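The numbers here are math on the coordinates, done by the rules we state, and not lab data. Remember, predicted model here, so these are calculated numbers, not experimental data. Cβ placement follows ideal geometry from the backbone for every residue including glycine, while neighbour counts extend to all protein chains displayed.
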Amino acid sequence: MKVKTTIAAATLLIAASSAAIAQQPDWLPETLKMPLNELTIGFTNLGVGVNGYTAQYQKGFDAYIAELGVNVVTLDSGTDPARQGNQVQDLIAQKVDVMIVWPVNGQAIVPFAKQAKEAGIPVIITNSNIDPSGKEFVVSYTGPDHFSEAQLAGGMMVEALAGKGNVVMINGLPGYTVSQERIDGFMDAIKTHPEITVLDSQPANWSQEKAQTLMENYITRFGNQIDGVYCAESGMCMGAYAAIQAAVADGRIEDGHIKQTDATMYQSSYDLIKEGKYYGSVLQSPDEDARLAIKTAVLVAQGVEVPDMIYMETPVVNAATIGSIERPNF
């Protein structure tokens, strides 16, 4: 039976004795299988340069690794599935104690996760899940519930449009698990509202510039028919926002008519929500994401059993909740 839990619940499940060794994190067992400074984690990431989230994730990852005093081998896949497969093989050859993988492609990583398991190296998947065919080769997934985030963003769009209107979608990187989950979750949220129509749905590959160009094309094609824009994350929606503002300045779109929602809130969308210029987003902390993956990897290396799905909290951020939400750091 699959276990689905939040980080708070996971802490209760995997935390050990309350009596902790001095200066040792209280989430670790009192007696360690191996000292932290002898533990080596291998990490192959999605690509630091993809967007602000991936960059901040890596910063948070490095900071927490240093705080714990754990050894790490970090490799940047550059969003190349083939390179990432080679990197997993490299980490196997280096005999790391545990591996964290942020998959570029959920299917492409499966045979390499299998190789790691066969080599006796436990694999933690972070942020973007592995294809279901590879579940048996990994110990745990940690990070956001992307389908749920998209559902929340979709629910906000329904509210913003009062259940009626035309929407365009700006999606992530094709073939990337998160991208599809954030399409599916949004569509699930609006499926019971037949008067909401999706005019078009296209990828912008997590790029703000590509999203701006895509939104410009949407405006050219659909003009004032567009009532809402949903983006898979805030960075792309800032590109869409720039295109919308340019169209407003040209008199092609009425100011404030197009409502925007997204997942993975950036500082830019936070500020616009606070100013009443943007409908809503969903908070997802890259630092928390990174810490959760590291904690889980360390616990697994210490022989502690962990849930196979550990989700972090991702609250809705809109005019009603923003007063209780801290501004993101990216």
Original post:
Under 26 Å Cα-Cα from LYS95, which lysines qualify once same-chain neighbours fewer than 8 residues away are excluded?
Top reply: LYS33, LYS59, LYS114, LYS117, LYS135, LYS295
Original post:
If we count other beta carbons within 10 Å of each Cβ, what is the order of LYS295, LYS259, fewest first?
Top reply: LYS259, LYS295
Subject >> Amide H contacts of ILE196 (H built 1.01 Å from N, under 5 Å, at least 5 apart or other chain) >> reply: GLY165
**OP:** At a Cα cut-off below 29 Å, give the lysines reachable from LYS277, other chains included and same-chain residues fewer than 8 away excluded.
**Re:** LYS164, LYS191, LYS210, LYS259
Original post:
Taking springs between alpha-carbon atoms closer than 10 angstrom, which of ALA119, ALA160, ALA297 fluctuates most in the Gaussian network model of the chain?
Top reply: ALA119
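Tell me, in nm to one decimal, what length is gained between ASP90 and MET34 on full extension, where the rule is 0.36 nm per residue of separation less the Cα-Cα distance?
Details: separation 56, 0.36 × 56 = 20.16 nm, distance 2.28 nm.
The ASP90-MET34 span can extend by a further 17.9 nm.
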Subject >> Where a label projected 7 Å from the Cα of ASP131 along Cα→Cβ would reach, residues of segment 81-110 with amide N under 16 Å >> reply: 81-86, 103-110
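Calculated FRET efficiency, ASN217 and ASP184, Cβ-Cβ r, R0 22 Å, to nearest 0.05?
Numbers: r = 24 Å, r/R0 = 1.08.
My answer for the efficiency is 0.40.
Going by a ≥ b ≥ c, the root eigenvalues of the Cα gyration tensor, does segment 146-283 fall in the rounded group (a/c under 1.5), the prolate group (a/b larger than b/c) or the oblate group?
Details: a/c = 1.31, a/b = 1.19, b/c = 1.11.
Rounded, since a/c falls under 1.5.
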Original post:
Taking the chain as a Gaussian network, Cα atoms linked when under 10 Å apart, which of THR314, THR142, THR213 shows the biggest mean-square fluctuation?
Top reply: THR213
**OP:** Report the FRET efficiency, 1/(1 + (r/R0)^6), for SER201 and ALA63, where r is their Cβ-Cβ distance and R0 is 41 Å, rounded to 0.05.
**Re:** 0.65
Original post:
What net charge is computed for the residues neighbouring GLY172, neighbours being all others with C-beta under 14 Å from the C-beta of GLY172, Lys and Arg scored +1, Asp and Glu -1?
Top reply: -3
Subject >> Length gained when the stretch ASP308-ASP80 is fully extended (0.36 nm per residue, less Cα-Cα span) >> reply: 79.5 nm
**OP:** Lys and Arg at +1, Asp and Glu at -1: add these up for the other residues within a Cβ distance under 13 Å of LEU36 and post the number.
**Re:** -1
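Once every DSSP H run of n ≥ 4 in the chain is given -39500 (n - 2.57) and the sum is divided by its residues, what mean residue ellipticity at 222 nm do you get, rounded to the nearest 500 deg cm²/dmol?
Values: 10 runs with 131 residues, N = 330.
Computed mean residue ellipticity for the chain: -12500 deg cm²/dmol.
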Original post:
How high is the FRET efficiency from ALA162 to GLU209, r the C-beta distance, R0 35 Å, rounded to 0.05?
Top reply: 0.60
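Over all alpha-carbon pairs in the chain, figure out the percentage whose distance exceeds 31 Å. Intermediate results must be reported in sequence, preceding the final value.
Working: 18451 of 54285 pairs.
The proportion of pairs with Cα distances above 31 Å equals 34 percent.
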Subject >> Residue with peak Gaussian network fluctuation, the chain [Cα springs, cutoff 10 Å], from PHE112, PHE186, PHE222 >> reply: PHE222
